[in-house]
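The values are calculated or read from the model by the stated rules, or taken from the named source; none is laboratory data. As the structure is a computational prediction, the values presented were derived from the model and not from experiment. A quick note on method: Cβ atoms are made from the backbone with ideal geometry, for glycine too, and the neighbour counts reach across all protein chains shown. With ligands, DNA and RNA removed, areas are computed over all heavy atoms of the protein, side chains included. Shrake-Rupley method; radii C 1.70, N 1.55, O 1.52, S 1.80 Å.
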Amino acid sequence: MLIDHDRHLDTYLDQDAAQRIGGLWKLAASSPRSLVHLPMRGNRGPSRELPEDGTRQLNLVLVHHSLQFAPSRWKEIRGRLGPGRPQTVTLPDPGHTDESVIDHEARHYQENRDLFHQHLHAETLFMTGSAKVFRDTARHFFDVSRNGPGYVPVHPSYPHFCTELHSNDGILGDAREIHIEYCDQWDS
């Protein structure tokens, strides 16, 4: 579930969804000519109470900046999408990103072009970025998938395992922060 809160975005995921989205994030990194659509808007929410004020559910599209995709064309393109066809993709190791390869200092240079930009159109959040920024940030989803299920039962008084794409990380250009939270119980 992806929620728009005007100033930031919240994503609520179970283990399987976090693993899948991490894989799709890596697909966006390794396949810059692809547009990755995640229809999340109709999904049910976590069992716990969510803030309602100024919120709306969104779908998500991951797109490499070199495509220069115009979100205003999304309704037309989405309307032409059929049921699709299953494909198999081989991605690099999904669970581990070598942190030593990520140059965290370079992210804060003025010349940094490896930034996310966001656009909202037709109830869809478009995350546009470089292969490097998609690859470097996929780890957030894998971290939630790997550590969330073990954290929540051990901390019943505060069962909140999360990570985020934060403004201080040097990866958000024209983009809002995204809070990524593990949830183990969902409405039926």
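When the residues L58, L24 are ordered by accessible surface, computed with a 1.4 Å probe over the protein chains alone, the sequence from largest down reads L24, L58.
The equivalent ellipsoid that matches the C-alpha gyration tensor of the range 1-91 spans semi-axes of 24, 17, 13 angstrom, in descending order. With a Förster radius of 35 Å applied to the beta-carbon distance between R85 and D187, the computed FRET efficiency rounds to 0.65. The length gained by stretching the chain between E164 and Q57 to full extension, at 0.36 nm per residue less their Cα-Cα distance, is 36.7 nm.
With θ taken as phi - 60° and the Karplus curve 6.51 cos²θ - 1.76 cosθ + 1.60 applied, the whole-hertz 3J(HN,Hα) list for the range 7-20 is 8, 8, 10, 10, 10, 10, 9, 8, 4, 5, 5, 5, 5, 5 Hz, x standing for glycine and proline.
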